[in-house]
Amino acid sequence: MGFLDALLGRTKPAPPDLDALFALPSAAVALEAATGLRPTGVGAVCVKPAEGASFAAAQAEVEGLLGLDAPTETTRDAFGYLWTTARTTGDRLADVVTALHAANTTYERAGFGPSLLCSVVAFAGEVDARPRTVGLVYLYKRGTTYPFVPLPGEKRDTALELQVRAALGDDLRVEPDLSRWFPVWGAPGL
């Protein structure tokens with residue numbers, strides 16, 4: 001970063017920390033103890049697709065990595081992002097996290113790191129006698145995680161999101177800027 005960048009307030013973004021994903025299994029224990037939410041065994045990686053053979057090769061490799069117990073599902077959302085989903089049993093969270101880490105690394109090594117948006121791991125359970133589904137969203141470019149709790153009608157349960165943030169404590173690096181807690185409507189598993 002040069003003098004002019006410092007003078008104009010430009011900052012260099014922090015490099016992504018994919019190893020932060022490996023903190024999810026221990027955070028899941030704290031989350032279950034505090035809220036009763038358990039992993040569902042569903043995780044997904046989201047990327048802005050590109051044209052060409054190199055992206056197709058990376059996508060094929062990602063699909064192979066995420067095919068844990070069932071074939072992967074690949075869908076596009078309303079914004080054109082590509083979601084590739086891994087499905088297994090809820091007791092294999094470490095396997096889901098490892099697969100998501102490998103998928104993100106594959107895209108990164110193929111030169112598509114700037115196209116990565118996020119990874120999501122789904123949790124479910126009863127909170128206050130109501131069934132809830134929660135996604136822990138890992139923001140690739142920030143290296144942080146935040147909870148997302150969708151409700152019917154494209155609404156969200158912000159009170160439960162804040163409760164989950166408090167339950168995670170120091171187990172995960174939670175995104176401190178609440179304006180970056182973007183809704184991921186239609187994310188797999190949610």
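The values are calculated or read from the model by the stated rules, or taken from the named source; none is laboratory data. Predicted, not measured: the structure shown is a model, and the values here were computed from it. Here the Cβ positions follow ideal geometry from the backbone for every residue, glycine too, while neighbour counts run over all protein chains shown.
Tabulated values for the structure
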{"quantity": "Filter result (buried (at least 19 other Cβ atoms within 10 Å of the Cβ) and part of a loop (DSSP other than H, G, I, E, B)) within the range 82-97", "calculated": "Thr88"}
{"quantity": "Selection within the range 35-74 - assigned to a helix (DSSP H, G or I), in contact (Cβ under 8 Å) with a residue 40 or more places away in the chain and surrounded by fewer than 15 Cβ atoms within 10 Å (Cβ to Cβ)", "calculated": "Ser54, Ala57"}
{"quantity": "Candidates Ala33, Ala27, filtered to the one that is out of contact with any Asp or Glu (no Cβ under 8 Å at 6 or more places or on another chain) and modelled with pLDDT of 75 or more", "calculated": "Ala33"}
{"quantity": "Residue in the range 115-128 that is in contact (Cβ under 8 Å) with a residue 40 or more places away in the chain, touching a strand residue (DSSP E or B) at 6+ places or on another chain (Cβ under 9 Å), farther than 23 Å from Arg38 by Cα and not hydroxyl-bearing (Ser, Thr, Tyr) present", "calculated": "yes"}
{"quantity": "Residue in the range 113-128 that is surrounded by the fewest Cβ atoms within 10 Å (Cβ to Cβ), counting only those that are touching a Phe, Trp or Tyr at 6+ places or on another chain (Cβ under 8 Å) and not in a strand (DSSP E or B)", "calculated": "Gly113"}
{"quantity": "Some residue of the range 150-163 being hydrophobic (A, V, I, L, M, F, W, C), under 21 Å from Val45 (Cβ atoms) and surrounded by 17 or more Cβ atoms within 10 Å (Cβ to Cβ)", "calculated": "no"}
{"quantity": "Residue in the range 92-100 that is farther than 26 Å from Thr35 by Cβ and without any contact (Cβ under 8 Å) to a residue 40 or more places away in the chain present", "calculated": "no"}
{"quantity": "Answer residue from the range 164-174, given it is surrounded by fewer than 21 Cβ atoms within 10 Å (Cβ to Cβ) and under 26 Å from Leu116 (Cβ atoms) and is modelled with the lowest pLDDT among those", "calculated": "Asp170"}
{"quantity": "Hits in the range 86-130 (condition: touching a Lys or Arg at 6+ places or on another chain (Cβ under 6 Å) and within 16 Å of Val62 (Cα to Cα))", "calculated": "Ser115"}
{"quantity": "Tally of residues being among the aliphatic types (A, V, I, L, M) and surrounded by 23 or more Cβ atoms within 10 Å (Cβ to Cβ) across the range 129-149", "calculated": "4"}
